[in-house]
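Notes follow once the structure below has been shown.
The values are calculated or read from the model by the stated rules, or taken from the named source; none is laboratory data. Computed from a predicted model, the values in this text were never measured in an experiment. Backbone-built Cβ (ideal geometry, glycine too); neighbour counts: all protein chains shown.
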Amino acid sequence: MVVAALFNDHSTIAWWIVAAYFGGAAAALWAARLARTRDRRFWFGTAVLLLLLGVNKQLDLQSVLTSTARSMTRHAGWYPERRVIQGLFLLALVVTAFVVVLGLLNWLRRSSAPVKSAALGIALLFVFIVIRAASFHHIDAWVTVNVGGLRRGWWLELAGIAVIAASALAYRNLPRRKSR
């Protein structure tokens, strides 16, 4: 009973998305096994990112963060200005995601096409995260509209995971280099 209370969403699709995160992480680890040093770090970091996002999918840690921030702003007397604080938080999240993606692009400029396409998958996940963070602040319409039986946000999330997993599998099929 206590374990069930830890999980945020008991729906079948939520568990499929968690499984997709873990499958994507496994594919990234699989690619890391044969990767060169720079690529190995990328694939390992990608696997860790996917594992953390998969765990967060069910533990809903962002809701704990939101609740804690709400409580802190009330206690500090800032709650009436919460929209400004929410906007600043969202802006910081967007800037951070943008800087990370630019850093990845620069770091991976000499990497193979599968590594670059996996970075695109990470960028898609960052877009999903930013949209989801914005939806906590009353901009929920885009994320929750159903398309083909799934919410748009889930499609974007699954697309990012699929791009990463497919890229990891493609990386495994690259010709092996003599120096690793």
**Prompt:** Considering only the range 8-58, how many residues are among the acidic types (Asp, Glu) and either touching an Asp or Glu at 6+ places or on another chain (Cβ under 8 Å) or within 18 Å of GLU157 (Cα to Cα) (or both)?
**Reply:** 1
**Message:** Of all residues being modelled with pLDDT of 85 or more and under 21 Å from the mean Cα position of the chain (by Cα) in the range 69-93, which is farthest from PHE126 (Cα to Cα)? Just the residue, please.
**Reply:** LEU88
**Asked** Across the range 1-30, which residue is farthest from SER167 (Cα to Cα) among those that are small (Gly, Ala, Ser) and at pLDDT 95 or above?
**Response** ALA19
**Prompt:** Looking at the range 32-45, is at least one residue surrounded by fewer than 16 Cβ atoms within 10 Å (Cβ to Cβ) and of a type in the set (Asp, Glu)?
**Reply:** no
**Asked** Any residue in the range 69-87 that is under 26 Å from ARG40 (Cβ atoms) and out of contact with any Asp or Glu (no Cβ under 8 Å at 6 or more places or on another chain)?
**Response** no
**Prompt:** Can you find a residue in the range 45-55 that is part of a helix (DSSP H, G or I), in contact with a Lys or Arg (Cβ under 9 Å, 6 or more places away or on another chain) and more than 16 Å from ALA166 (Cα to Cα)?
**Reply:** no
**Complete:** Apart from one, (1) part of a helix (DSSP H, G or I); (2) of a type in the set (A, V, I, L, M); (3) more than 16 Å from ILE129 (Cβ to Cβ) all hold for ALA35; the odd one out is (1)
**Asked** How many of the residues making up the range 82-97 are farther than 23 Å from TYR21 by Cβ and out of contact with any helix residue (DSSP H, G or I) (no Cβ under 8 Å at 6 or more places or on another chain)?
**Response** 8
**Message:** Which condition from (1) surrounded by fewer than 17 Cβ atoms within 10 Å (Cβ to Cβ); (2) in a helix (DSSP H, G or I); (3) at pLDDT 85 or above is the one that ALA123 breaks?
**Reply:** (1)
**Request:** Take PRO114 and decide whether it is under 18 Å from ARG38 (Cβ atoms), of a type outside the set (D, E, K, R) and at pLDDT 85 or above.
**Result:** yes
**Message:** When you check PHE22 against the structure, is it assigned to a helix (DSSP H, G or I), in contact (Cβ under 8 Å) with a residue 40 or more places away in the chain and not hydroxyl-bearing (Ser, Thr, Tyr), yes or no?
**Reply:** no
**Asked** When both residues are 6+ apart or on different chains and their Cβ atoms are under 7 Å apart, which pairs have a first residue that lies in the range 58-69 and is free of Cβ contacts under 8 Å to residues at least 60 places away in the same chain, and a second that is assigned to a helix (DSSP H, G or I) and exposed (fewer than 11 other Cβ atoms within 10 Å of the Cβ)?
**Response** LEU59/LEU6
**Request:** May I ask you to list the residues in the range 98-111 that are surrounded by fewer than 16 Cβ atoms within 10 Å (Cβ to Cβ), more than 17 Å from ARG36 (Cα to Cα) and either at pLDDT below 90 or among the acidic types (Asp, Glu) (or both)?
**Result:** PHE98, VAL100, LEU102, GLY103, LEU105, ASN106
